[in-house]
1. Which one is farthest from residue 62 (Cα to Cα) among residues in region 94-118 that are surrounded by fewer than 13 Cβ atoms within 10 Å (Cβ to Cβ) and over 31 Å from the mean Cα position of the chain (by Cα)?
2. Taking the conditions exactly as written (within 13 Å of the ligand (Cβ to nearest atom) and either within 20 Å of residue 66 (Cα to Cα) or surrounded by 13 or more Cβ atoms within 10 Å (Cβ to Cβ) (or both)), does residue 139 satisfy them or not?
3. Looking only at region 116-132, which residues are more than 9 Å from the ligand (Cβ to nearest atom) and either in contact with a Lys or Arg (Cβ under 9 Å, 6 or more places away or on another chain) or part of a helix (DSSP H, G or I) (or both)?
4. Testing residue 122 on (1) loosely packed, with under 12 Cβ neighbours inside 10 Å; (2) within 40 Å of the chain's Cα centre (by Cα), one condition comes back false. Which one is that?
Amino acid sequence: MSTLMPERVTPQQEERIRELRAENWFLDNPHNEVNEAVDDLFLLLDEARAELETERMRNVACGVAALGNTEKTRAERIRKDNPYYSASYADVCAAVDREMALRQERDRLAEQVRVLKEAVQVSCITSRLCRFSGPCRFCRALAACERIERGEG
Ligand SMILES: [Zn+2]
């Protein structure tokens, strides 16, 4: 890098260079390729900034998708034609879909366990099996249901 150029151009310096370029200030320069180089650099800079902004928004979209685990937020997801849609966004959405499906499955199984517990409790009471010989098969089933509820399998 030239010793005339600072390591980093401040926003104020960049604005001044753009103004000078707009005024064709560099045309006085006998080396016209400097003008083209400056134009090319600004073009590259603008493109890189726009690209960075798009990537930043794609990252934001992934975060929003990761937190959106309800039917309402799922319906609000962006689609493939959106500039902020990405393969990673699709991956996050797929993971959230799996989370939602597992939650639904968990609720369904918990309800099943609840119904089974009720049934075995009633069965023990009506059969009065526990009166004769230790915990009856219904009470053992009840204990198994409670182990499942505690996550002990
Ligand atoms: Zn019993």
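Each value in this text was obtained by applying a stated rule to the coordinates, not by laboratory testing. What you see is a predicted model, and the numbers here were worked out from it, not measured in a lab. Glycine also receives a Cβ, built like all others from the backbone with ideal geometry; neighbour counts cover every protein chain displayed.
1. 118
2. Numbers: within 13 Å of the ligand (Cβ to nearest atom): yes; either within 20 Å of residue 66 (Cα to Cα) or surrounded by 13 or more Cβ atoms within 10 Å (Cβ to Cβ) (or both): yes.
So residue 139 fits the description; yes.
3. 116, 117, 118, 119, 122, 126
4. (2)
Per-residue answers, yes or no, for (1) surrounded by 15 or more Cβ atoms within 10 Å (Cβ to Cβ); (2) over 30 Å from residue 18 (Cβ atoms); (3) within 16 Å of the ligand (Cβ to nearest atom):
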position	(1), (2), (3)
53	no, no, no
74	no, yes, no
86	yes, yes, no
91	no, yes, no
149	no, yes, no
